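> Just dropping this structure here.
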Amino acid sequence: MGAGGSRRASIIEDGWSPQTKPDNNVQLECAGVSLPTYNDPQFSKIRAGLNIPDSFLFDFDFNKMGAGGGKGGNLLAIHGDYVVKEMNATDHNTLLNCAKLYADHVLMEDRNGNQYGTMLCKVLCHFYDPSTGKNFMAMDNVTPNPVPPGLGDKGRRPSANRSTYDLKGCADDKTLTWNNEKVNEVHKRVWNAGMWCGQCLWSKERKNYYAGKLNAANTDFHVTETQKEKIEMWIKRDCTFLSDLGLMDYSLMVSCLTLERGDPDAEAWLNAAAGNEDSVPFVSMYDGKVQVLHVGIIDFLQDWTFTKNIAMCIKFLECNKATIPPGWYAARFIETFCWKF
């Protein structure tokens, strides 16, 4: 059990224990069949709070899943406003044990009945596919196609001024897309000697990827004072929660759409945001342009384990690395992203 084991164990004492076996009595309609779930009484509360029907994955197609781009190589697919992801053993076990704490954190209200809010992506269900023997989770897409509310995707042109980032507040920060063009990942691996002999031996794709990393690290996002207060509150609250559970290596996903003030979409976004300034997406004016920010924290199920401790020691020469203990990781995350907005 990781560093957050004591807090996870405490909820068992409060009368809740995780459903560690697939529950055939509580099934989810997915890809046209009924699949058993884990701890769905917790995730159904989140779906209800977001007005998402239990049938939201009914027409999902497992054949459309592909490599997600992460280190583990787990399958992933975007299904409308949702993301379906194959789970490795670590993420699966963490979500099993943290389901109630996670749902309570996402839905927690103040004394006036208002939710505190969170930047954590919303896990909507955790289920098992008997035909493959694999576990999956479905969550909201924190960086969806930025289409003004009410206009729908049909007939809308893709914006050439949208960039997306995967940020950790360390050397792993990267640009995923720049002006709607994908930035391919080309890493410096220790066995690739040419990568370590200066940029003159780098491919064009490697140079573009490195430029994207610098851009991700140095880009600031402009928001209003009210939006900044909300972002800081959410980040501090979420990082404290994850640190208490002994979790680390999570990312802040950011989608930044910039529109000229005269663009019809700009007017639509401003009208949609009127009176609702401090909620995602964050819509604001900066330098005469309209900026639309979608943000969310993903990949937050990674435990701090003995293996991670060894990895940190092996990488002792690497500056600003991702592999550090949960408390340090949370502190760096808070410091970095409270300044970046």
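> Please grab the % of Cα pairs in segment 200-260 that end up more than 17 Å from each other.
Distances greater than 17 Å cover 62 percent of the Cα pairs.
> Still on this model: For segment 49-123, divide the Cα radius of gyration by the Kirkwood radius and give the resulting Rg/Rh value with two decimals.
Checking Rg against Rh, the ratio lands at 1.02.
> Going 7 Å from the Cα of W339 in the Cα-to-Cβ direction, what parts of segment 219-241 have a backbone nitrogen less than 13 Å from that spot?
Taking a point 7 Å out along Cα→Cβ of W339, the residues of segment 219-241 whose backbone N falls under 13 Å are 219-220.
> Let me ask you something else. Listed here are the pairs K204/K340; K168/K236; K21/K134; K230/K340; K182/K207; K134/K182; which of them are more than 18 Å apart at the Cα?
Pairs exceeding the cut-off: K204/K340; K134/K182.
> Now for a different question. Ratio of Rg to Rh for segment 198-304, alpha carbon only, Kirkwood?
For segment 198-304, the value is 1.07.
> On to the next question. Cα centroids of segment 197-239 and segment 46-105: how far apart, whole angstrom?
What the calculation gives is 25 Å, centre to centre.
> Going by the alpha-carbon gyration tensor, a ≥ b ≥ c the square roots of its eigenvalues, is segment 231-294 rounded (a/c under 1.5) or, if a/c is not under 1.5, prolate (a/b greater than b/c) versus oblate?
Prolate is the answer for segment 231-294, as a/c is 1.5 or above and a/b outweighs b/c.
Laboratory data are not the source of any read-out in this text; all were calculated from the coordinates shown. Predicted model only: the values in this text are computed from it and were never measured. Every residue, glycine among them, receives a Cβ derived from its backbone with ideal geometry; neighbour counts consider all protein chains shown.
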